[in-house]
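What follows is calculated from the coordinates using simple rules that are stated; it is not laboratory data. The structure displayed is predicted, hence computed values, not measured ones. Neighbour counts are summed over all protein chains in view; Cβ atoms, including those assigned to glycine, are modelled from backbone coordinates with ideal geometry.
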Amino acid sequence: MQIGVVGKPNTGKSTFFSAATLIDVEMQNYPFTTIEPNKGIGFVRVECADKDFNVQCNPRSGYCIKGTRFVPVELIDVAGLVPGAAEGKGLGNKFLDDLRKADVLIHVIDLSGSTNEKGEPVPKGSYNPIEDVLFLEKEIELWFLGIIKKNWSKFAKIPLKEKNKKLEIMAQNLSGIGASLLQIDKAVSELNLWEKTFSDWEEKDFENFAEKIREKSKPIVIAANKADIASEENLKKLKERFPEKIIIACSAISELTLKKAAKEKSIEYIPGEKELKELKDLNENQKKGIDYIKQNVLNKFNSTGIQEILDKAVFELLEFIAIFPGGTKGLTDSEGRVLPDCWLMPKDSTTLNFAFAIHSDIGQNFIMAIDVKTRQMVGKEHKLKNRDVIEIIFNK
């Protein structure tokens, strides 16, 4: 799974990435500071299964604090997109292609309205952030449209009637948009286009398909950044204009500040929570900064918003579930670690899907599985639930 962090220049996109991953990237107040994509690891929150067994887990990756497991996910931060990106403006085609493998996008916008459409600084409140939401979705759809139409001639004249064969050919020739077979099938089905031959598609069909496949393959969470300096009216108007979208007010610089202070052991801070604890005396500037964040971010929005955005992207938009592999003795692996792993799996995954996710050999030699919580044996078609603990039995 890969989460793409997108947006126009100077919205705080790279700050968001740094806040989520604690990777230092260049952050300057001019367009196209980021040229090559930055990749890093962020974390999403899962209620740890160790609570169900009254034990303490030992994560192999990520970490666990007070029963909340922080599970690693990959993030990619691409250069800022500007209007006309699909036509190559601002090296837009390259930056869009960097997003091809992303499963979900976090669109970082400047809620304060202090950055124009080109990513240039303007007086606060002089630019309408609603325009950013509209432009970015349109640019991705135009990019998709270009790829779709460019490849269409390769198979449009093939007289196919069988849906599965048509779907297979579409997927092969549209690999550049990073959509799965299922996503393509759903997009075409919802538009009632399977009844048409490829050669009968009209311009509007292409446009509708580009929009629909963008919705399916690149769903978007809107990170309304710089919320601490934005007017409440801007957030209200944004949510009224896009009631169907997930929009979360956030302050990336506040999250980055808190995480760095926690890393230095100046404060105790758990990502996503409102409360923090000062562990040592802070100097005047540090105290002033922490007090500002408390008053203008944590007390106002109940968190910095960064952790909630990551969680929403994975568990609400992608609908993934968390599965814990059982060990050789129920909870413990061969090295004595308790619940060392937590896997993020697509909704409706089966025990066999899970076995293959762990290792292809385990999937190929699958015998059965055990639901560790209930101690019941389950078959390969058993559908998994969030926070299941599953032990796979296979031929070794």
Handout entry: Net charge, residue 101 excluded, C-beta distance under 13 Å - Lys, Arg +1, Asp, Glu -1
Key = -1
Practice task
In whole angstrom, note down how far apart the Cα centers of the stretch 348-396 and the stretch 165-228 are.
Solution key: 32 Å
Exercise for the section: First check a/c for the stretch 198-323, with a ≥ b ≥ c the square roots of the eigenvalues of its C-alpha gyration tensor; if it is under 1.5, answer rounded, and if not, answer prolate when a/b is larger than b/c or oblate otherwise. Expected result: prolate
Handout entry: Total charge dipole magnitude, the chain, about the Cα centre, Cβ charges on Lys, Arg, Asp, Glu only, Debye to nearest 20
Key = 460 debye
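Please tell me the relative contact order of the chain in percent, rounded to the nearest whole number, where contacts are Cα pairs under 8 Å and at least six residues apart.
Here the relative contact order equals 16 percent.
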Practice task
Give the shape of the stretch 276-335 as rounded, prolate or oblate, defined through the alpha-carbon gyration tensor: a ≥ b ≥ c are the square roots of its eigenvalues, a/c under 1.5 means rounded, and otherwise the shape is prolate if a/b is larger than b/c and oblate if not.
Solution key: oblate
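If R₀ is 25 angstrom, what is the calculated FRET efficiency for the pair residue 375 and residue 347, using the beta carbon separation as r and rounding to 0.05?
With R0 = 25 Å, the Cβ-Cβ based efficiency is 0.50.
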Completion exercise
Checked against a 26 Å limit on the C-alpha separation, the offending pairs among 101/150; 138/383; 149/186; 138/294; 236/265 are 138/383; 138/294; 236/265
Practice task
Give me the percent of DSSP beta bridges within the stretch 321-394 that run antiparallel, rounded to the nearest 5.
Solution key: 80 percent
Handout entry: Total charge dipole magnitude, the stretch 321-394, about the Cα centre, Cβ charges on Lys, Arg, Asp, Glu only, Debye to nearest 20
Key = 260 debye
Practice task
Could you list the trypsin sites (Lys or Arg not before Pro) in the stretch 268-305 that lie in coil according to DSSP, counting only those with at most 15 other Cβ atoms within 10 Å of their Cβ?
Solution key: 274, 280
Exercise for the section: Select from the stretch 118-223 those GluC sites (Glu not before Pro) which occupy a DSSP coil region and have at most 11 other Cβ atoms within 10 Å, ordered by residue number. Expected result: 162, 195, 202
Handout entry: Relative contact order (%) - the stretch 321-394, alpha-carbon pairs under 8 angstrom, separation at least six
Key = 38 percent
Completion exercise
Lys and Arg at +1, Asp and Glu at -1: neighbours of residue 186 with Cβ under 12 Å from its Cβ sum to -1
Problem - For the chain, Kirkwood radius (reciprocal of mean inverse C-alpha pair distance, Å) - result: 23.0 Å
Practice task
Pick out, from 107, 176, 254, the residue whose Cα sits farthest towards the positive end of the charge dipole of the chain, with +1 on the Cβ of Lys and Arg and -1 on the Cβ of Asp and Glu.
Solution key: 176
Handout entry: Helix-only CD estimate at 222 nm, as mean residue ellipticity for the chain, using -39500 (n - 2.57) per DSSP H run (n ≥ 4)
Key = -9500 deg cm²/dmol
Fill in the blank from the handout: Going from the fewest other Cβ atoms within 10 Å to the most, one would list 181, 191 as 181, 191
Exercise for the section: State whether the stretch 321-394 is rounded, prolate or oblate according to the following rule on the C-alpha gyration tensor (a ≥ b ≥ c being the square roots of its eigenvalues): a/c under 1.5 gives rounded; otherwise a/b larger than b/c gives prolate, and the remaining case gives oblate. Expected result: rounded
Fill in the blank from the handout: Treating only Lys and Arg (+1) and Asp and Glu (-1) as charged, each at its beta carbon, one finds that the stretch 191-349 has a dipole about its Cα centre, in Debye to the nearest 20, of 600 debye
